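Step one of this worksheet: look at the structure below.
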Amino acid sequence: MALIRNSKLRPRILVVGGGYLGLVTAQNLLKNLGRGEATVTVVDPNPYMTYLPFLPEVAAGSIEPRHAVVPLRRNLSGAEVITAKVTSINHGDKFVTVEPENDEAFELDYDHIIMAAGSVARALPIPGLKENAIALKRIEEAVALRDHLLSRLADASLMEDDDERRKALTFVFVGGGFAGIELLAELEDVVRSAVAQYETLTEADVRFVLVEALERVMPEVGEAQARWVVEHMRERGIDVYLETFLQDCTDKHVKLSSGEEFDADTIVWSAGVKANPILVDSDLPLDERGRVTVRADLRVEGDNGVVEGAWAAGDNAAVPDLSGGGVGGYCVPNAQHAVRQAPVLAANVLAGLRGETEFKQYFHKTIGTVAGLGLYKGVSQMGDFEARGVLAWLMHRAYHGYAIPTVDRKVKVFGNWILNAIVGRDAMPLADLDVPRKNFVEAANSKPAPKKETAKA
Ligand SMILES: Cc1cc2nc3c(=O)[nH]c(=O)nc-3n(C[C@H](O)[C@H](O)[C@H](O)COP(=O)(O)OP(=O)(O)OC[C@H]3O[C@@H](n4cnc5c(N)ncnc54)[C@H](O)[C@@H]3O)c2cc1C
C-alpha cells in the first residue's frame, strides 16, 4: 500500500471528518496558520459538510438538499481536501489508511491528528431492523425518505386491497429524542397536506406512530414542554407509545412490547447515536461508549496521560463538560458544542504545533433548545423561558438560519423559506433517483416502429 508523505515538507495537521467540527476547525486553522507553517488535510467521504439540524426540513421539502450542505473545497481554500474514508488509525506510527470509493487504499502520514468523525446511528439487534429501517444522518437519507413517503401516497391512492393500503400508509418512527420528534413532526405535516391532493385518500387513511422506550420524549427540554409535545402530537392524530419498545420488524411486520402488531411500509430509526466505529480500528484511548477520551483542552488523554499530537471533540469524543450540565459529566453530542469546540481546538492545535504549553479549556453552558415541529409549529426552552407554537418555530428558524456555516448557505436557506412562504412548498416526490438510467434503458429496448410501405407512384 502506498504511503503518501507530506510532499511540502511541513508538518501535516490531519482532520478526520469534514462535518461541523472538522469544517469549522479547519477554517480556523487556515485563518491563523502562518505562511508555510503547516499543511491542513481534511479527509471526508463526502465532498461537503452536512448541516444535520436541517435534515428534518430537507425531508419535509422546506429546504433544498443542496442548500443544507456546505462544499468543502470551496470553503477550505488552501487546505488539501481528500474525498475518501479513513479506515484505520495508527497513531503510534502517525499514519492513517485512507480508502477512496473508487480507487485503491493508501496510507497518509501526519504530525497532528484531529478526530472529527462524528457519530453514527445506534442500531440495536432487533430482528428485521437493519433490513427494513432507515435512519437520518445523511442528506441522501433525508431526500430518500421524502421521496419514499410521498410516493407511498401516490401508490396507495391506486390500491384496492385494504391491508396493502394500510401498510403503505403506516409510518413508524422509533425514538422520541430531539431529532426523531422533529423528523416525525415535519414529515407528518407535509404528508397530511399532500393527502389533500388525492381524491381517493383522506387524512384518516394515514397513520403516524411514535415508539419511545422512556416515559417521556425530548430529554433536551423540561418535563412540561415534553408533556406538551406529546399532547400536541396526539392532537395531530399521531399515535404516541411511551415506555414501549420495538421488538421485531421482520418483513415490515411491526411487533411492539405492548403486544400490538401491525404492518408498516416505513420504519424510521432515530433511537440515538454512538461514536463513529472507525475509532475501534485505532490505537487511540476510548471510553466504554467508544468515544475518544479527551481533556477539557481537547487533547486526547489515556491511562498514561496526554497522547501527544492527538486531538478530538464533537460527537466522537468524550469532552468533559466544565459547566456541570452534561450527561455523566460530558458534553452531549450536539451542534451547539461542536461549533464552539472548533475554535478552541484550532487554537490549541496551533499552540501545540508551536511548542507552547498553555492550552485553552473548553467551557460552554448550554443556551437551550429550539425545535421545529412542521410549518408554524415548534417548541423551545432557553433556561426558564419556554415557548411553543409559532414563536418557538420562528426562534428555531432564526437560530439555525444563523448557525449554518457560510454566508451563501444562509442566503439560500432564508431565500428558500421566503419563496416557500409566498408560493407554497411542493409536496411531490422525485421518481427513480436510484435508477436514473431506467428511462434510457427502456427507450433502448423499445420495439422499432413498424416499417410502412411507401406508396408507389
Ligand atoms: C437529524 C439530526 C438533527 C439534529 N439537530 C440538531 C439540533 O437541532 N441542534 C443541535 O445542536 N444538534 C443537532 N444535531 C446534532 C449535531 O448535528 C451533531 O452533534 C453535530 O453535527 C456534531 O458535529 P461533528 O462534527 O462531531 O459530527 P458531524 O457533523 O456528523 O461530522 C462528522 C463527519 O465525519 C465524516 N466521517 C464519517 N466517517 C468518516 C471516516 N471514516 N473518515 C473520514 N470522515 C468520516 C462524516 O462524513 C461527517 O462529515 C442533529 C443531528 C441529527 C442527525
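Sort 268-280, 238-250 for me by packing, meaning the mean count of neighbouring Cβ atoms within 10 Å per residue, highest on top.
Going from most to least packed, we get 268-280, 238-250.
Enumerate the calculated ³J(HN,Hα) couplings along the range 90-101 in order (Karplus 6.51 cos²θ - 1.76 cosθ + 1.60, θ = phi - 60°), each rounded to whole Hz, writing x wherever the residue is Gly or Pro.
Result, rounded to whole Hz: 10, 6, x, 9, 6, 8, 10, 9, 10, 10, x, 4.
For the range 1-83, with only Lys/Arg (+1) and Asp/Glu (-1) charged at the beta-carbon, what is the dipole magnitude about the Cα centre, in debye rounded to 20?
In debye, rounded to 20, the range 1-83 gives about 460.
How big is the charge dipole of the chain about its Cα centre, in debye rounded to the nearest 20, if each Lys and Arg gets +1 on its Cβ and each Asp and Glu gets -1 on its Cβ?
1820 debye
Using unit Cβ charges (K, R positive; D, E negative) and no other charged atoms, how large, in debye to the nearest 20, is the dipole of the range 35-125 about its Cα centre?
In debye, rounded to 20, the range 35-125 gives about 400.
Pop out the ³J(HN,Hα) list for the range 119-125 in order, Karplus 6.51 cos²θ - 1.76 cosθ + 1.60 with θ = phi - 60°, rounded to Hz; leave Gly and Pro as x.
10, 10, 4, 8, 7, 9, x
Highest first, please rank the peptides 64-76, 309-321 by the mean number of other Cβ atoms sitting within 10 Å of their residues.
Highest mean packing first, the order is 309-321, 64-76.
How long are the semi-axes of the ellipsoid equivalent to the chain, from square roots of 5 times the Cα gyration tensor eigenvalues, in whole Å, largest first?
One finds semi-axes of 41, 30, 21 Å for the chain.
The range 302-430: percent of C-alpha pairs farther apart than 22 Å?
Summing the P(r) tail past 22 Å for the range 302-430 gives 54 percent.
Residue by residue, what Karplus-based ³J(HN,Hα) values in Hz, rounded to whole numbers, does the range 257-266 have, using 6.51, -1.76 and 1.60 with θ = phi - 60° and x for Gly and Pro?
5, 6, x, 6, 9, 6, 8, 8, 7, 10
On a straight-distance basis, which lysines could pair with K167 in a cross-link, Cα separation under 20 angstrom, same-chain partners fewer than 8 positions away excluded?
K130, K252, K255
Starting from the range 363-457, pick out the GluC sites (Glu not before Pro) whose DSSP state is loop and whose Cβ has at most 14 other Cβ atoms within 10 Å.
Filter output for the range 363-457: E453.
In deg cm²/dmol, rounded to 500, what helix-only [θ] at 222 nm does the chain give when every DSSP H run of at least 4 residues adds -39500 (n - 2.57) and the total is split over its residues?
Using -39500 (n - 2.57) per qualifying helix, the result is -9500 deg cm²/dmol.
Collect residues whose amide H, placed 1.01 Å from N in the peptide plane, falls under 5 Å from the amide H of V42; neighbours closer than 5 in sequence don't count.
Answer set, sorted by chain and number: V15, E80, V81, I82.
How far is helix 390-403 tilted, in degrees, relative to the longest principal axis of the Cα atoms in the chain, given as a value from 0 to 90 rounded to the nearest 10?
Helix 390-403 sits roughly 50 degrees off the main axis of the chain.
Sorted by average packing, counted as other Cβ atoms within 10 angstrom per residue and highest first, what order do 293-303, 176-186 take?
176-186, 293-303
Mind checking which of G355, L256, N316 is farthest towards the positive end of the chain's charge dipole, using Cβ charges of +1 (Lys, Arg) and -1 (Asp, Glu) about the Cα centre?
Positive-end residue among those listed: G355.
Rule-based calculations on the coordinates, nothing more; no lab input. Treat the numbers as computed from the prediction; the structure is a model and nothing was measured. Note: ideal-geometry Cβ built from the backbone for every residue, glycine included; neighbour counts use all protein chains shown.
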